1. List the number of the failed condition for residue 93; all other conditions in (1) more than 23 Å from residue 152 (Cα to Cα); (2) in contact (Cβ under 8 Å) with a residue 60 or more places away in the chain; (3) out of contact with any Ser or Thr (no Cβ under 9 Å at 6 or more places or on another chain) hold.
2. Inside region 77-161, counting only strands (runs of 3 or more DSSP E) that do not spill past its ends, which hold 3 or more residues that are under 16 Å from residue 33 (Cβ atoms)?
3. Against the definition (at pLDDT below 95 and under 20 Å from the mean Cα position of the chain (by Cα)), how does residue 216 come out, yes or no?
4. Does region 273-283 include one or more residues that are in contact with an Asp or Glu (Cβ under 9 Å, 6 or more places away or on another chain) and either aromatic (Phe, Trp, Tyr) or outside the structural domain of residue 198 (by TED's automatic domain parsing) (or both)?
5. For residues that are touching a helix residue (DSSP H, G or I) at 6+ places or on another chain (Cβ under 7 Å) and modelled with pLDDT of 95 or more, scanning just region 72-90, find the one that is surrounded by the most Cβ atoms within 10 Å (Cβ to Cβ).
6. Would it be correct to say that residue 106 is in contact (Cβ under 8 Å) with a residue 12 or more places away in the chain and either touching a strand residue (DSSP E or B) at 6+ places or on another chain (Cβ under 8 Å) or outside the structural domain of residue 177 (by TED's automatic domain parsing) (or both)?
7. Among helices (runs of 4 or more DSSP H) lying entirely in region 230-320, which contain 1 or more residues that are in contact (Cβ under 8 Å) with a residue 60 or more places away in the chain, among the hydrophobic types (A, V, I, L, M, F, W, C) and touching a strand residue (DSSP E or B) at 6+ places or on another chain (Cβ under 8 Å)?
8. Yes or no: region 191-208 includes at least one residue that is of a type in the set (Phe, Trp, Tyr), in the same structural domain as residue 300 (by TED's automatic domain parsing), closer than 12 Å to residue 298 by Cα and at pLDDT 95 or above.
Amino acid sequence: MRSSRAVYLLSAFLLLGAYAPKRAAQSVEHPVWAVTVEDLSPKFVDFYDAAARPGVTPDQRWELWKSKYGFAAVPPIPTRDKIAREQLEDAWPKYAAAMPRLRRGASALAPEPQLRLNSVATLLGARLSLRIRLIAFVGNFHRNAFATGFQNGVSTIAIPLEDSDEEHAIEMTHEFTHAVQRQTGKGWDQQSVASAIFSEGLAMHVVEKLNPGLPANEYLASSPEWFKSCQTRLPQVLSELKPHLADQGASAVADFIYRTGSAGIDREIYCAGWAIIADLQKDGFSLRRLGTMSRVDAEKRIEREFSKHVRAERRRPPER
């Protein structure tokens, strides 16, 4: 399976800090949706040029990374420094070929971020003025875009510059969905396994709507093999997740992203989210309705959908 995009959901933290939630903006008659871009590529280029000098050891490279750059898509778990270093070591041999694109920085982002936010906000029926901060950073070739919290009226998302234009379109759509949902729904400053399943499922189906015609696995940022396993092993995935739906916090969520579960796949939250939101749409829930649902209502809906799947699985005749 190709390396998957690691999205760290609504309570994700940057390696060097976090964004605390604040009260959402009030509804206005003529909302303004605005994106500002913060480009971290100059800091990365400074790190790379220093670390690529002859004789620099891996330990020295890590120290240079921490002092000159220090930005990684890593959740707030005890092993985050270890993960960040492993990401750096894995990606290091790939940076040389990517440097022409990386030196262009945020100008390499396509489609244009403002236009993509407009599309997402329109689809979800946003009636609030939205302020989004987009951090353009250099990641580790794992499609590891992510969203953080909401501070002083601004939601923050982060998009890796090394990815392709098609990947940028998918990633920006996904992360803008999280940002819009956070501001239009209630209670999304906190996170549980159930709310993560809901929000990730919603974001993937918004990606499907705004980027039609791609293989289904692309909407989940997965390989075809992983997607097939997700489909065939869905009952096992749901069975494993169900006792943990109420579990709170980034560590609880990360466990069902990184760890390979009893169904034999990782990223079980994405597998479940894709299936559950698809079922809700079949039941008549529009993306707009789902996108404005409060966290409490979303968690209740997830609980009901899991119970329906479990009952259906129990009624299924045994294979012969």
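The values are calculated or read from the model by the stated rules, or taken from the named source; none is laboratory data. The model shown is predicted, which means the values in this text are computed figures rather than measured ones. Using ideal geometry, Cβ is built from the backbone for each residue, glycine included, and neighbour counts are taken over all protein chains shown.
1. Only one criterion in (1) more than 23 Å from residue 152 (Cα to Cα); (2) in contact (Cβ under 8 Å) with a residue 60 or more places away in the chain; (3) out of contact with any Ser or Thr (no Cβ under 9 Å at 6 or more places or on another chain) is unmet by residue 93, namely (2).
2. Where strands (runs of 3 or more DSSP E) fall fully within region 77-161 and carry at least 3 residues being under 16 Å from residue 33 (Cβ atoms), they are 130-137, 154-160.
3. No, not satisfied.
4. Yes, some residue in region 273-283 is in contact with an Asp or Glu (Cβ under 9 Å, 6 or more places away or on another chain) and either aromatic (Phe, Trp, Tyr) or outside the structural domain of residue 198 (by TED's automatic domain parsing) (or both).
5. 88
6. Answer is yes for this residue.
7. 250-258
8. Yes, region 191-208 has at least one match.
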